[in-house]
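Comments concern the structure below.
The values are calculated or read from the model by the stated rules, or taken from the named source; none is laboratory data. Remember, predicted model here, so these are calculated numbers, not experimental data. Note that each Cβ is placed from the backbone with ideal geometry, even for glycine, and that neighbours are counted across all protein chains shown.
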Amino acid sequence: MNTERMYTVILAPHVSEKSTIAGELNNQYTFKVAKDATKPEIKAAVEGLFNVVVAELQVLNVKGKTKRNNRGQTRRRPSWKKAYVRLEDGHEIDFAEIG
């Protein structure tokens, strides 16, 4: 896979309470990915960028929420795509060392 495409597929790590618990218990990491990215592309990008072995991959589309401001106007946040990546035993990603 092209390295430029790898950087456009993986947008950012998604850090939340749920993703932190999943990371500690199941060696699973959560990423915000491009909306047009496929499972094989995501797997190749994670393996190529972080030098790990992916055991399992789950992808889901997150619907944008409708929010209301103080004047009653509604606005819709954009929809996005999320990937849960479970790594093989013995592999891990340390986001503090990447930079």
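Number of residues in the stretch 1-21 that are hydroxyl-bearing (S, T, Y) and in a loop (DSSP other than H, G, I, E, B) equals 1. Residue pairs whose Cβ atoms lie under 6 Å apart, separated by 6 or more positions or on different chains, with the first residue in the stretch 21-35 and over 18 Å from V62 (Cα atoms) and the second surrounded by fewer than 19 Cβ atoms within 10 Å (Cβ to Cβ) and of a type in the set (A, V, I, L, M), are Q28/A22.
In the stretch 45-66 there is at least one residue that is assigned to a loop (DSSP other than H, G, I, E, B) and either in contact (Cβ under 8 Å) with a residue 40 or more places away in the chain or surrounded by 15 or more Cβ atoms within 10 Å (Cβ to Cβ) (or both). The number of residues in the stretch 67-99 that are assigned to a loop (DSSP other than H, G, I, E, B) and within 18 Å of I10 (Cα to Cα) comes to 10. Residues that are in contact with a strand residue (DSSP E or B) (Cβ under 7 Å, 6 or more places away or on another chain) and either of a type in the set (S, T, N, Q) or crowded, with 18+ Cβ neighbours inside 10 Å (or both) within the stretch 9-32 comprise V9, I10, S19, G23, N26, N27, Q28, Y29, T30, F31, listed in sequence order. Is there a residue in the stretch 18-35 that is modelled with pLDDT of 95 or more and acidic (D, E)? So far as the stretch 18-35 goes, no, none of its residues is modelled with pLDDT of 95 or more and acidic (D, E).
Consider the stretch 67-92 and keep the residues that are exposed (fewer than 14 other Cβ atoms within 10 Å of the Cβ) and either among the acidic types (D, E) or in contact with a Leu (Cβ under 6 Å, 6 or more places away or on another chain) (or both). The one that is modelled with the lowest pLDDT is E92.
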